[in-house]
Amino acid sequence: MNAEADYRLPRTVIPSRYELRMEPDLGSAGFAGTQVVDVEVVETTSEIVLNALDLIVAIAEMVDGAGEVHRATSIEYDSEKERVILGFSASLTPGRWQLRTTFTGTLNDKLCGFYRSTYKDEDGNQQIIATTQFEATDARRAFPCWDEPDLKATFRVTLVIDEDLVAVSNAAEISAKPVGDGKVAHEFAETMKMSTYLVAFVVGDFEITGPVDVNGIPLRVLHTPGKGHLAEFALEAGAFALRFLADYYDIPYPGDKLDMIGVPDFAWGAMENLGAVTYRESALLVDRKRSTQNELARVADVIAHELAHMWFGDLVTMKWWNGIWLNEAFATFMELKCVDAFRPDWKRWLTFAHFRASSMDVDGLSATRPVEFPVASPAEANAMFDTLTYGKGSAVLRMLEQYLGERAFRDGIRRYLKQHSYSNTETDDLWAALEAESGEPVGDIMSGWIYQGGYPQLDVTRTADGFRLEQRHFRFLGEGEATWQVPILYRIGTEEGRLIVAHEPVELKGSDGLLLNRGGDGFYRIDYPQETLADLADEFARLEPAERYTLIADTWANVLAGATSTAAFFRLVEALGEELEPDVWAVAIGGLAELDRVVATDDRPELQARVRALVSRRAAELGWDPAEGESDLTRRLRGLLLRTLGNLGDDVGTQITARQVFGQMLEDPDSVDADVSEAAIGIVAANGDESEFDRFLRLRESADSPQDEVRYLRAAAAVPEETTARRLVGMILAGEVRSQDANWLLARLLGHRKTGPIVWQLVKDNWDAILDSMPPQNRRRMLDLIMYRSEPEIAADIEGWLAEHPIGGAEKYTEQQMERLRVRVGLREREGGRLRESLADPT
Ligand SMILES: [Zn+2]
């Protein structure tokens, strides 16, 4: 184990201002830089240690207050610690100095640091973009710096580029001057005091939308040429978010302008560089008429998330990488809050139940981890960006908000941000601010949720005059011993209340009508007595949608854990008949789809018949054509049910219609609703062959939106043919799929019911090349659906292989995926052979 201290720079010299001049050469994939850093020497020293990686520092000198220059006599690199050590013959005495360096580096293809992204222009020529991604610790790949989040400074950037290109950085451009040789120096204003990981430079042949004025801040979208028609929705969602967030935080936007940039090659979803937010194209650029509700919501979510960071993360920043959870958890919480206000009809907090459920799926493993844990190395910091940080972190914040009340919570956030602006914090600083505004012991309540992994299940039993609630550590496999302070909202009869269940059981008086986890925002499960569960199933339609969701999700989790029968799950699912919410349907269908993966082949028709019986009536009511004035969620529900009927239900009539609709859509894309199109493509793909596969690939080539590109690639991966799966793996290896997409494409192929086993063999046969096809930080994600390979021999082979061939930096992640796989192997063993009985007797 490494210690954090091994990675922390000495604090003998502290920077306060960087003046950076960068000259990238896109053709030769190199860059040259010079910088002047205002520093304070705190203790007498003869060396300066700062971060640098894959850089060559040609000249380094220190200039004292009198202007005297001391040139570094040695420049040494420590590549393991990613540092450069500048040695001086004379001592540098305490006081103000300037460090001047000249350096060169490479524009890499790893999608981190200062890197190259490419795209084909209208004439089919390759064009190059130079862009940055510095979080967590890759600013050091672009310029020598004190690359730790609490060493904040201001940045004044100049980018020297070809005159026909566009450049942006964090702050507004203040001048553009020709410097000869067809080059122009673009000088940007000085930024606020901020961390190095938030610095950005983007250079390329971009088009820029006219600015939208938001409270005096110009908001623009930058995109590669010809995509202007895809920027309108982002501008609308961005303008809304900027206003909403400034109001919620009660602090004006901390930058002087805001650019949102679509980058063709991008490892993550987006990055919150102050004033220059970079996005994967599919998270920014969208054709609003031809996109599904999910696709639009994703763009709105990601934009709100990044803009939420401008304050929470950029203005106030974690001291060290162990605090990244709070940064990401809060931005995720805020993204929901903001988009819920932007489009109340989308009911984002209900969809949020999926985020919560998928993090509970991981957090119920013995291989989980605490949300916050000590982080030393950059690799450990990168491993923190997972569902526990984003999903569990945001879900426990939401639970806390609902327990404290929305107003007290918001006031606590305002207090925290005002108190720590331009500075750095630890988790306790937030709890202190929330305690001050709410008067509740927030730190005590939250510590169990943050510093230990897992979550509780509340076992409910009847007493003579009410109910007894007792917590137990929920685990899919094995037992856990942790306890929590569980903030509970409840309803009993018509009375609503809140309480905390801690170590000791709690009694609630009242005769009937008990509902725990009122509102559905709790990060825990409930195990009701049989008769209470039956009552709730009878009352199903009268529960809130989120409460219906959690009831199904909890029951399904207990099926996975082997603690509840599938019959109990079916009984609850039967109660869905009148359901209108796509998210509630989705959680039930998710359980059915998992059963479909493990059911014995002979029993599969029976399960399919049950699925048809469940969804066909509602699907028939909705039909294939949206009614006038229909809500977006109804359109989503239609798409979901049609797809379920055609695939999980194997309904031949639906499959035939899907082909016709797909044909019609190709003739005239605007004549078919986007959610229906997506369902039709999904059904055609899942029942298609090589000729459909070829068509999907052609459609991907000619796609006019990032969403269509993804849609057709996903469709190609769903075709149930060995040959097509082989061809896709071949395309990944040949670099014919963008490296940013290789991980999710492989995950889908590996999780595919039919082609997964052969793809696993191919992945093993080409292991090193497969890993090389992805940016290192994305590699682990190819295991996202490996849990569906629950065929016992394959599962054992996967575990054995990954034990022998660990994916660097993904040890914890792999351990979690292997345990999820074992959970599904257990499900197959228990339920695979007896599903017919459960289906016959749903009582
Ligand atoms: Zn984020």
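Annotations
- Inter-site label distance for residue 459 and residue 667 at 7 Å from Cα along Cβ, in nm: 6.3 nm
- Given R0 = 25 Å, the distance between the Cβ atoms of residue 503 and residue 803 translates into a calculated FRET efficiency of 0.10.
- Distance from the stretch 630-663 to the stretch 564-620 (C-alpha centre basis), Å: 15 Å
- Note on residue 123/residue 704: beta-carbon distance plugged into 1/(1 + (r/R0)^6) with R0 of 25 Å gives a FRET efficiency of 0.95.
- Sorted ascending by nearby beta carbons within 10 Å, beginning with the fewest, 377, 691, 16, 282 become 691, 16, 377, 282.
- For the stretch 307-389, the gyration tensor built on C-alpha atoms gives an oblate shape. Its axis ratio a/c (a ≥ b ≥ c) is at least 1.5, and a/b is not larger than b/c.
- For the pair residue 840 and residue 288 in one chain, pulling the backbone fully straight at 0.36 nm per residue adds 194.2 nm over the alpha carbon distance.
- Mean residue ellipticity, 222 nm, helices only, the chain: the sum of -39500 (n - 2.57) across DSSP H runs of n ≥ 4, divided by residue count and rounded to 500, is -13000 deg cm²/dmol.
- Shape of the stretch 177-301 from the C-alpha gyration tensor: oblate (a/c of 1.5 or more and a/b not above b/c, with a ≥ b ≥ c the square roots of its eigenvalues).
- Across the stretch 758-781, the residues whose backbone nitrogen lies under 19 Å from the label position 7 Å along the beta-carbon direction of residue 604 are 758-760.
- Sequence-distant lysines (8 or more away, or on other chains) whose Cα lies within less than 25 Å of residue 764: 110, 754, 812
- The stretch 402-480 versus the stretch 291-342: alpha-carbon centroid distance in Å: 20 Å
- Under the Debye formula (equal points on every Cα, no solvent term), log10 I(q)/I(0) of the stretch 120-178 at q = 0.26 Å⁻¹: -1.23
- Using the Cβ-Cβ distance between residue 660 and residue 530 with R0 set to 60 Å, the FRET efficiency from 1/(1 + (r/R0)^6) comes to roughly 0.80.
- Amide N of the stretch 143-186 lying under 18 Å from the label point, which is placed 7 angstrom from the Cα of residue 14 along Cα→Cβ: 145-155
- Order of 338, 112 - criterion: other Cβ atoms within 10 Å of each residue's Cβ, fewest first: 112, 338
- If you model the stretch 375-439 as an ellipsoid using its alpha carbon gyration tensor, with each semi-axis the square root of five times an eigenvalue, the axes come out at 25, 17, 8 Å, biggest first.
- Centroid-to-centroid separation of the stretch 35-94 and the stretch 677-732 [C-alpha atoms, Å]: 54 Å
- Pairwise inverse Cα distances across the stretch 663-742, averaged and inverted, put the Kirkwood hydrodynamic radius at 12.9 Å.
- Contour excess over end-to-end distance, with Cα ends at residue 482 and residue 232 and 0.36 nm allotted per residue: 85.1 nm
- Converting phi to 3J(HN,Hα) with the Karplus coefficients 6.51, -1.76 and 1.60 and the offset θ = phi - 60°, the stretch 732-742 yields 4, 5, 8, x, 8, 10, 4, 4, 5, 9, 5 Hz in sequence order, with x at every glycine or proline.
- Relative contact order [Cα under 8 Å, 6+ residues apart], the stretch 41-160, whole percent: 28 percent
- Distances between every pair of Cα atoms in the stretch 781-824, grouped in 5 Å steps from 0 to the bin holding the largest one, split as 5, 25, 38, 24, 6, 1 percent.
- A full extension of the chain between residue 830 and residue 58 corresponds to an added length of 271.3 nm, given 0.36 nm per residue minus the alpha carbon distance.
- The stretch 77-235: C-alpha gyration tensor shape, a/c 1.5 cut-off, then a/b vs b/c: prolate
- Exposure proxy shown here: for 767, 346, 321, the number of other Cβ atoms within 10 Å sets the order, fewest to most, as 767, 346, 321.
- Inter-probe distance in nm under a simple model that places probes 7 Å from Cα toward Cβ, at residue 181 and residue 208: 2.4 nm
- For the chain, the C-alpha radius of gyration sits at 0.97 times the compact-globule guess of 2.2 N^0.38 Å, with N the residue count.
- Pair residue 77, residue 574: separation of 7 Å Cα→Cβ label points (nm): 6.9 nm
- Eligible aspartates and glutamates near residue 509 by straight Cα distance, threshold 19 Å, same-chain separation 8 or greater: 459, 465, 470, 495, 496, 527, 531, 535
The numbers here are math on the coordinates, done by the rules we state, and not lab data. This one's a predicted model, so the numbers in the text were calculated from it and none came from an experiment. Here Cβ is always computed from backbone atoms with ideal geometry, including for glycine, and neighbour counts include all displayed protein chains.
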